[in-house]
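The values are calculated or read from the model by the stated rules, or taken from the named source; none is laboratory data. What you see is a predicted model; the values in this text were computed from it and never measured. Note that we place each Cβ from the backbone using ideal geometry, even for glycine, and neighbour counts take in every protein chain shown.
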Amino acid sequence: MKQKRLLALLLTLVMVIGLTACGGGDDEAASGGGEGSGEEASGSNELTVYTAFPEAEVAYYFNAFEEATGIKVNALRLSAGEMLTRVAAEKDNPQAALMFGGSTDNYIAASNQGLLEAYQSPELSNTPENYLDPDGVWNPIYVGAIAFACNRDWFADKGYEYPTSWDELLDPKYENMVIMAHPATSGTAYTVLATLIQLKGEDAVWDYLKELDKNMSQYTKSGSAAPNGVALGEAAIALTFSHDGLQPTVEGYPIELSFPTDGTGYEVGAMALIKGGPADEQENAKKFIDFMCSAEGQNLYAENNSFRVPTNSEATPAEGLVTLDSVAVIDYDAVWAADNKDEFVAQFEANIASSENLE
Amino acid sequence: MANSSGSGGKSAARLKRRNETKMITRQPVMLISIIAVIVLLLLFVVYPLVKVLIFSLTDETGAFSLATAAEIFSTSRYLKTFGRTIVLGLIVAVIATFIGYVFAYAITRTNVPCKGFLKTIATLPILSPPFILCLSIIFLFGRQGLITNTLFGITDNNVYGMGSLIVVQVLSFFPIAYMTLSGILSSIDASVEDAACNMGASRWHTFWTVTFPLSLPGIISGCLLVFIQSLEDFSNPATIGGDFTTLSVEVYQTITGSYDMQKGSVLALLMLVPTMIAYLLNKYWVNKKSFVTVTGKPTQARKLIDEPHIKWPLFIFCMAVAAVIILFYGTVVFGSFVTTWGYNYTLTLDQYGRALQQGWDSLRNSIVLGLVAALIGGLLGMVIAYITAKRDYYGKRFIEVSSVLMFAVPGTVLGIAYILAFNTPPLVLTGTAAILVIVFVFRNMPVAIESGTTTLLQIDNAIEEASTVLGAGSGYSFRRISLPMLRNAFFSGLVYSFVKAITAVSAIIFLVSPRWDLVTSKIYTLFDQAKYSQAAAFVTMMVVVLLVFIGIFNALINLLLAPRSRVPKGAGIHEKTEETT
């Protein structure tokens with residue numbers, strides 16, 4: 001009995017020591033997390049970033065950037081909506097210098113809330129004007145068109161061709177096999193909705209969506225759940241951006257893209273400085289924006305299975321990747337879409353996917 | 001039997017409170033504990049919640065405004081979501097508590113075989129992030145499901161919706177009911193039931209007239225805890241709910257999808273209403289029926305039920321639940337060894353290599369912070385249970401209510417509340433490990449408090465009074481008398497806090513930092529990128545880590561807090577705890 005107690009005491013001691021060690025870690029982090037602490041004050045060679053890019057992908061850019069500049073990037077991965085929420089909640093004492101990735105939808109909202117610091121990279125000279133921020137706050141870094149992400153096996157099994165127009169999606173043979181995210185929760189789905197409104201007009205669009213609703217398996221909560229549902233065979237066609245639709249193929253899932261020939265929208269991905277971010281990281285943040293806007297930075301898209309299309313016309317897209325020239329893209333108005341978001345989403349909920357007419 | 005608090009009604013109660021308050025001022029350890037607890041609760045529970053409240057009731061200019069609240073109450077969609085969330089919570093609470101009770105009864109009262117196995121099964125489901133169960137259900141019963149499609153050739157089974165959600169939530173949350181109930185059932189004095197039996201009552205009669213009423217506080221506590229968990233659960237309804245939306249998902253969607261933090265906060269505060277009602281019912285209705293059965297008088301060890309007609313049906317029921325759990329978890333383990341889950345079933349070990357390479361740091365962070373939080377939370381929980389269960393004084397109600405508040409706040413809002421409160425001076429905590437530890441402590445402590453309180457309510461005051469009369473200070477009495485009795489409750493609290501800290505999702509999304517990233521946010525990301533097999537590998541590793549630590553906790557607590565050997569065998573706590581898990 002006595003020995004047992006001794007053993008227990010020893011184990012407790014070990015735990016306590018473990019805890020104390022961790023406590024030390026606490027303090028360290030606390031001083032690092034506060035407003036620009038001692039050692040970093042004079043020209044830090046670190047950079048703190050919130051990113052909406054997948055972790056494996058983003059590490060690739062950070063490594064290349066560190067190699068080129070010696071600046072180490074500390075990043076936290078969040079979904080685009082979470083990233084914006086976090087930046088908004090932290091606005092009195094921002095913890096990161098940069099928002100990196102995610103659609104302009106988020107950046108326009110962030111800019112309207114006064115969360116961003118205007119900075120336009122000199123590297124944007126090779127970026128087409130329609131991708132640029134008219135207010136000059138955020139920097140475009142990639143584009144992607146809305147596609148039909150199709151489950152190859154399901155189509156092969158049924159002997160169907162991939163759909164190539166929005167109206168084909170209404171075919172009863174796709175009953176319960178189309179999937180998209182809910183526009184209220186997903187920027188991707190909202191872009192789909194805004195595209196359809198632009199294509200069909202503000203009145204006719206609801207008739208179309210009511211028809212489409214009959215084939216809809218569900219409106220998922222997160223944007224990525226739609227292509228993942230197709231990957232897992234829960235649905236056959238996801239309405240999503242090309243790069244998101246192809247993401248599951250990295251894991252080996254059988255997904256192929258087709259594009260609507262009667263016009264499709266696109267998203268511009270962006271990055272921007274967070275207003276009032278760590279002062280000693282501002283220069284590094286600008287360097288990183290310049291890096292990602294440059295052809296050199298955007299050439300990386302072709303190397304890491306990102307499936308992203310560069311915005312810099314000097315950069316080379318990945319081989320076999322469908323760029324926007326070969327797709328019937330409409331003149332998508334992101335600012336108009338962002339400004340009317342509340343109203344369109346409310347209409348969508350009232351007409352199509354309100355919780356009352358579900359179940 | 002009753003621990004009478006005076007028959008004179010309100011005025012007597014008030015008098016008692018005043019007297020006890022006076023008495024406490026003369027007990028320095030007690031007084032300091034109470035003050036310290038109140039300060040901590042004010043700082044880490046009340047302050048952040050008040051910040052959210054202010055935030056949700058002011059407009060952009062900072063003026064008081066009820067516009068958002070009015071808008072929500074006039075939207076039938078929100079009210080319907082609210083109603084459905086409650087219905088779901090009630091269904092899940094009843095089923096989960098029933099299953100938990102059967103397990104607890106079979107393990108503590110009967111002679112069923114494989115008790116160690118059943119105990120493990122009854123705690124296993126809280127060991128992993130809940131969305132993994134959702135994935136299992138999709139893989140087993142979805143359109144391409146292994147059971148629906150491969151076995152039965154069904155290709156159009158819609159697995160999303162309320163039915164699946166109930167299954168997943170019941171499986172995820174019945175361990176909480178089990179843990180609360182097994183603590184209570186094993187601390188009911190065996191002689192009470194034996195007396196009934198000896199006087200000729202049938203087992204059935206004994207159960208309904210003795211065991212069941214005595215365990216009623218535990219049943220209600222179990223229901224309450226499960227109900228609250230179901231209410232604030234985010235990851236399950238978000239993954240498997242399909243078009244069935246619950247309030248916590250609505251909150252998250254409103255905040256991160258419509259960028260409307262204010263409306264989200266109001267909705268979240270709405271969630272507090274049913275939780276508080278449930279809590280108050282428990283506190284002032286159930287706990288009034290004070291049941292004292294641990295009297296300190298020596299009793300003999302419990303005779304376990306061995307009648308086949310009782311034992312085997314219970315055993316079969318438990319095994320059936322166990323089979324479902326094993327099926328679900330087996331699917332996850334299997335999934336961690338395949339190349340592409342749901343598509344390419346070639347076996348491989350690559351997932352583990354990649355998971356360790358990418359996630360070791362975050363796994364270590366989770367373990368370290370979880371341990372710190374569990375120890376602090378477990379101890380603090382016992383202290384709070386101790387200072388609130390038996391006494392009455394000014395400020396007690398504040399401690400009771402505020403200490404469970406965090407449990408009920410949806411994680412998303414908790415995260416935002418903490419950012420609002422601790423991102424600016426006087427107390428800047430964002431980006432540190434401390435903020436995560438604090439959230440874990442205050443969020444998960446209520447389980448420790450509940451099981452501690454219910455255990456303490458069954459212990460006759462006379463035991464501690466005897467100790468005090470013999471000259472022991474209140475601190476000494478607590479350590480030597482109550483703490484050993486609280487062993488099971490402390491263990492449940494510790495395990496629960498540790499597990500919940502490591503598996504938390506929505507509460508930490510807004511609090512993790514580049515330096516302190518945690519394993520669940522890594523797994524969440526893997527789901528996002530359809531890396532299901534790698535996520536499964538992570539979860540399998542987590543379950544192993546958790547089991548190892550629970551084994552260590554169990555052994556440590558048995559060694560440190562076991563009643564002294566000179567106490568005759570059979571006194572105090574009767575349950576023979578297996579030391580191996």
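Structure summary
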{"read-out": "Any hit, the range A:137-148, residues being within 14 Å of another protein chain (Cβ to nearest Cβ) and in a strand (DSSP E or B)", "value": "no"}
{"read-out": "All positions within the range A:79-97 that are in contact with a Phe, Trp or Tyr (Cβ under 8 Å, 6 or more places away or on another chain) and either assigned to a helix (DSSP H, G or I) or within 7 Å of chain B (Cβ to nearest Cβ) (or both)", "value": "A:Gly81, A:Glu82, A:Met83, A:Leu84, A:Thr85, A:Arg86, A:Val87, A:Ala88, A:Ala89"}
{"read-out": "Check on B:Ala196, touching a helix residue (DSSP H, G or I) at 6+ places or on another chain (Cβ under 8 Å) and aliphatic (A, V, I, L, M)", "value": "yes"}
{"read-out": "Neighbours by Cβ (under 7 Å, 6+ apart or cross-chain): first from the range B:380-408, under 27 Å from B:Phe173 (Cα atoms); second not in a helix (DSSP H, G or I)", "value": "B:Met382/B:Leu486"}
{"read-out": "Filter result for B:Ser492 (surrounded by fewer than 24 Cβ atoms within 10 Å (Cβ to Cβ) and closer than 19 Å to B:Ala373 by Cβ)", "value": "no"}
{"read-out": "Some residue of the range B:483-496 being away from chain A (no Cβ under 13 Å) and either outside any helix (DSSP H, G or I) or free of Cβ contacts under 8 Å to residues at least 60 places away in the same chain (or both)", "value": "yes"}
{"read-out": "Residue satisfying all of: in the range A:47-74; aliphatic (A, V, I, L, M) and surrounded by 22 or more Cβ atoms within 10 Å (Cβ to Cβ); farthest from B:Gly359 (Cα to Cα) among these", "value": "A:Leu47"}
{"read-out": "Criterion (touching a residue at least 24 places away in the same chain (Cβ under 8 Å), polar (S, T, N, Q), touching a strand residue (DSSP E or B) at 6+ places or on another chain (Cβ under 9 Å) and not in a helix (DSSP H, G or I)) met by exactly one of A:Ser306, A:Ser313", "value": "A:Ser306"}
{"read-out": "Subset of the range B:500-519 [surrounded by 24 or more Cβ atoms within 10 Å (Cβ to Cβ), aliphatic (A, V, I, L, M) and either more than 7 Å from chain A (Cβ to nearest Cβ) or at positive phi (or both)]", "value": "B:Ala501, B:Ile502, B:Ala504, B:Ala507, B:Ile508, B:Leu511, B:Leu518, B:Val519"}
{"read-out": "Search result, residues across the range A:149-171 that are farther than 25 Å from B:Gly257 by Cα, within 14 Å of another protein chain (Cβ to nearest Cβ) and in contact (Cβ under 8 Å) with a residue 12 or more places away in the chain", "value": "A:Asn151, A:Arg152, A:Asp153, A:Trp154, A:Lys158"}
{"read-out": "Complete set of residues in the range B:65-99 that are away from chain A (no Cβ under 14 Å) and out of contact with any helix residue (DSSP H, G or I) (no Cβ under 9 Å at 6 or more places or on another chain)", "value": "B:Ser65, B:Leu66, B:Ala67, B:Ala70"}
{"read-out": "Flag for A:Ala285 being in contact with a strand residue (DSSP E or B) (Cβ under 8 Å, 6 or more places away or on another chain), surrounded by 24 or more Cβ atoms within 10 Å (Cβ to Cβ) and modelled with pLDDT of 95 or more", "value": "yes"}
{"read-out": "Pairs, first surrounded by 14 or more Cβ atoms within 10 Å (Cβ to Cβ) in the range B:67-92, second among the small types (Gly, Ala, Ser) and not in a helix (DSSP H, G or I), C-beta under 8 Å, six or more apart", "value": "B:Arg77/A:Ser354"}
{"read-out": "Subset of the range B:146-158 that is at the interface with chain A (Cβ under 9 Å from one of its Cβ atoms) and surrounded by 15 or more Cβ atoms within 10 Å (Cβ to Cβ) - its residue that is farthest from B:Asp233 (Cα to Cα)", "value": "B:Asn149"}
{"read-out": "Given (1) out of contact with any helix residue (DSSP H, G or I) (no Cβ under 6 Å at 6 or more places or on another chain); (2) within 14 Å of chain B (Cβ to nearest Cβ), number of the condition A:Asn126 does not satisfy", "value": "(2)"}
{"read-out": "Qualifying position, being closer than 30 Å to A:Leu212 by Cβ and outside the structural domain of A:Ala189 (by TED's automatic domain parsing), among A:Ala302, A:Ala328, A:Ala295, A:Ala285", "value": "A:Ala328"}
{"read-out": "Residue that is more than 14 Å from chain A (Cβ to nearest Cβ), out of contact with any Gly (no Cβ under 9 Å at 6 or more places or on another chain), part of a helix (DSSP H, G or I) and of a type in the set (A, V, I, L, M), where the choices are B:Leu436, B:Leu456, B:Leu414, B:Leu420", "value": "B:Leu456"}
{"read-out": "Conditions (1) buried (at least 21 other Cβ atoms within 10 Å of the Cβ); (2) farther than 21 Å from A:Glu82 by Cα; number of the one not met by A:His182", "value": "(2)"}
{"read-out": "Residue check for B:Val441: within 15 Å of the chain's Cα centre (by Cα), within 14 Å of chain A (Cβ to nearest Cβ) and modelled with pLDDT of 85 or more", "value": "yes"}
{"read-out": "Considering residues of the range B:333-360 that are more than 33 Å from the chain's Cα centre (by Cα) and free of Cβ contacts under 8 Å to residues at least 24 places away in the same chain only, the residue farthest from the other protein chains (Cβ to nearest Cβ)", "value": "B:Leu349"}
{"read-out": "Some residue of the range B:520-538 being within 9 Å of chain A (Cβ to nearest Cβ), among the hydrophobic types (A, V, I, L, M, F, W, C) and within 18 Å of B:Trp360 (Cβ to Cβ)", "value": "yes"}
{"read-out": "Selection from the range A:190-226 of residues that are at the interface with chain B (Cβ under 9 Å from one of its Cβ atoms) and in a helix (DSSP H, G or I)", "value": "A:Tyr190, A:Ala225"}
{"read-out": "Those residues of the range B:520-535 which are touching a strand residue (DSSP E or B) at 6+ places or on another chain (Cβ under 7 Å) and surrounded by fewer than 24 Cβ atoms within 10 Å (Cβ to Cβ), in sequence order", "value": "B:Thr525"}
{"read-out": "Boolean, B:Gly452 is within 23 Å of B:Ala408 (Cβ to Cβ), touching a residue at least 24 places away in the same chain (Cβ under 8 Å) and of a type in the set (Gly, Ala, Ser)", "value": "yes"}
{"read-out": "Condition broken by B:Asp243, with the remaining ones in (1) surrounded by fewer than 24 Cβ atoms within 10 Å (Cβ to Cβ); (2) more than 14 Å from chain A (Cβ to nearest Cβ) satisfied", "value": "(2)"}
{"read-out": "Within the range A:155-170, tally of residues that are in contact with a Cys (Cβ under 9 Å, 6 or more places away or on another chain) and assigned to a helix (DSSP H, G or I)", "value": "0"}
{"read-out": "Residue ranges of helices (runs of 4 or more DSSP H) in the range B:22-123 with at least 2 members among the aromatic types (Phe, Trp, Tyr)", "value": "B:47-56, B:76-109"}
{"read-out": "Residue within the range B:200-214 that is surrounded by 19 or more Cβ atoms within 10 Å (Cβ to Cβ), within 17 Å of B:Gln458 (Cβ to Cβ) and more than 26 Å from the chain's Cα centre (by Cα) present", "value": "yes"}
